[in-house]
Each structure stands twice: as structure tokens, then as C-alpha cells.
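Working notes for the structure below.
The values are calculated or read from the model by the stated rules, or taken from the named source; none is laboratory data. Just so you know, these numbers come straight off a predicted model, no measurement behind them. Neighbour counts run over all protein chains shown; Cβ positions are idealised from the backbone, glycine included.
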């Protein structure tokens, strides 16, 4: 680990036999506006990725749909050959159209092609974790997952994928996937104010399955709450830092993947997420999303 490393908040998690830091990094923001095209500051994007590794973060989340190909190629340029402790999680199930829209791509040929493209753009022989993304930009949508998930199980059997997960899914779809094969993570929208998966998180924790919230600090509209601000003021911190710390306190199976384009902001996120919340703090914050 680099001498630049900070103590990482939350410790580690066993993700299918791979030890990853609970504080990870989401690479989506490294692409251009609307997650399309190259970053305005390419060298800055590479610097952030190198800082991720130097700080000891061992969990990077990405997708070949970001850019498309942009974030994966940046990750490869910045970090390959990859440190043995670093694990890259990607996702398939959607592709981009010319206007930046997200188009479902869950037929067998599209899923195989997406896995092959992730392998190529990341420069890997096998993908550590592939999440099957369901639903749409509005969130999870009901419907069967078995056919698409079975395709990924087949690619796993062929040695192209080590572990599988699901993303943007309903509780029923999680169960349906688990009936077909083991999953190591579920990646859904969840944060202090958006608590629809509380029961699912607890169920997954009992199964030793990770839960990875996207939009952990509110997404494109940062979390706003008088209660959150009050706790942050009392702790001499910021609302967004408290929101990240709350997630790490919420359940031991929650893994964070906040994204940023700035090395300084990456360090701020790490420092902020490391704050300790008391039982009283947690009780006060829990009221926000209930």
C-alpha cells in the first residue's frame, strides 16, 4: 500500500472470496456530460484512478456503457497491469444510443458481446464481478430475470466471469436470480432518504451478500434535510460526509462506490465517511427516510 494511503472507513468485505474495501470508487463520472464521450480533463481522470489505487481502495465499479468504453479504457490506461488486490466490478444489460439514451440489451448475443467488450476494454482475461442491470432509468421494473441471468451463468461456466450480481432490481428479481445461481452483490439506488430496500439489505446481510447503493448521496440532486444538516453541524462535518458514514454504519454488507473527478474530493469523501456516528446520531438520521 502506498505511503499516501489513508485509513479506509468501514474496513473490508469478502466479495465471493475477494477481499475488497467497503469504501470503493464508482467510475461513471469520469466520462463526459451525460456519461457520454471523453472527460474534459483526461489527465485529471487518470490521476483520480491512480489515487484510488494509491489510497488502498480495492473496489472499482464501472461499465463499458459509460462513455461508452471511456471509463473502462481510462481504468486500463491508469492501472494496468492491475495490482492483485484490486478488483473491478462491471455491469451489462444496457447499451447507449447516439443521443445518450440507455437501451436494454439483454438477449443472449448482446450479453455475450457486452461481456467480451468489457474484457477487451479493461484488458482482462476474466471479469471479477458482472452485474446484470435490469429496469430502466426510472428504476427497477417488474418482470422475469431468469433468461438473461442464465446467459451470464453460462459465460461464468466458460471462465469469462468469476462472480455474478444484479443491479436495479426488484426483491422478486433478486430471489429469482438466486434460485438460478449464487450472487455476490446487489446494486440498487439507496441512501439516507431513499430507503425502499431496508428489508432486502437485512436479508442479504444474513446471507453474506453485499449491497452496493448507487446514488449514495442523492444522485444528481444532493441530499437535503434539516435533520442531516443538524447532525453534520454537531459533528463539525458536512451533510454529504454524514450521509456516507451513515451508510457504512447502516449494515456491514453495504459497500460504497461514490464517484468524483477530483483527487481532493476523493480524499474528502474518505475522511468524511470515516466519522463515527453514535446511537443517538443514527436514531436521529433514521427518521429522515422512514
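Summary table below
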item	result
Candidates 45, 65, 51, filtered to the one that is assigned to a loop (DSSP other than H, G, I, E, B) and either loosely packed, with under 15 Cβ neighbours inside 10 Å or modelled with pLDDT of 95 or more (or both)	65
Sole exception among (1) exposed (fewer than 14 other Cβ atoms within 10 Å of the Cβ); (2) over 30 Å from residue 275 (Cα atoms); (3) in contact with a strand residue (DSSP E or B) (Cβ under 9 Å, 6 or more places away or on another chain); (4) modelled with pLDDT of 95 or more for residue 11, by number	(2)
Helices (runs of 4 or more DSSP H) completely within region 228-290 that count 1 or more residues being under 18 Å from the mean Cα position of the chain (by Cα) and surrounded by 14 or more Cβ atoms within 10 Å (Cβ to Cβ)	239-250, 263-273
Residues of region 68-80 satisfying the condition of being surrounded by fewer than 22 Cβ atoms within 10 Å (Cβ to Cβ) and either touching a helix residue (DSSP H, G or I) at 6+ places or on another chain (Cβ under 7 Å) or closer than 17 Å to residue 18 by Cβ (or both)	69, 73, 76, 77, 78, 79
Residues that are out of contact with any strand residue (DSSP E or B) (no Cβ under 6 Å at 6 or more places or on another chain), within 26 Å of residue 151 (Cβ to Cβ) and surrounded by 17 or more Cβ atoms within 10 Å (Cβ to Cβ), drawn from region 175-200	176, 188, 200
Scope region 14-42; condition assigned to a strand (DSSP E or B) and crowded, with 20+ Cβ neighbours inside 10 Å; matching residues	15, 20, 21, 23, 25, 26
Search result, residues across region 201-229 that are without any contact (Cβ under 8 Å) to a residue 60 or more places away in the chain and touching a strand residue (DSSP E or B) at 6+ places or on another chain (Cβ under 7 Å)	201, 204, 209, 211, 213, 215, 216, 217, 218, 223
Boolean, residue 146 is more than 29 Å from residue 8 (Cα to Cα) and touching a helix residue (DSSP H, G or I) at 6+ places or on another chain (Cβ under 7 Å)	yes
Total residues in region 37-61, condition in contact with a helix residue (DSSP H, G or I) (Cβ under 6 Å, 6 or more places away or on another chain) and touching a residue at least 60 places away in the same chain (Cβ under 8 Å)	5
Identity of the residue in region 83-104, without any contact (Cβ under 8 Å) to a residue 12 or more places away in the chain and assigned to a loop (DSSP other than H, G, I, E, B), that ends up farthest from residue 168 (Cα to Cα)	84
Residue list for region 146-173, filter: within 20 Å of residue 201 (Cα to Cα), surrounded by fewer than 23 Cβ atoms within 10 Å (Cβ to Cβ) and in contact with a strand residue (DSSP E or B) (Cβ under 8 Å, 6 or more places away or on another chain)	163
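A quick yes/no check of all residues on (1) in contact with a helix residue (DSSP H, G or I) (Cβ under 9 Å, 6 or more places away or on another chain); (2) in contact (Cβ under 8 Å) with a residue 40 or more places away in the chain; (3) at positive phi:
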| residue | (1), (2), (3) |
| --- | --- |
| 236 | no, no, yes |
| 240 | yes, no, no |
| 260 | yes, yes, no |
| 267 | yes, yes, no |
| 271 | yes, yes, no |
| 278 | no, no, no |
| 282 | yes, no, no |
| 285 | yes, yes, no |
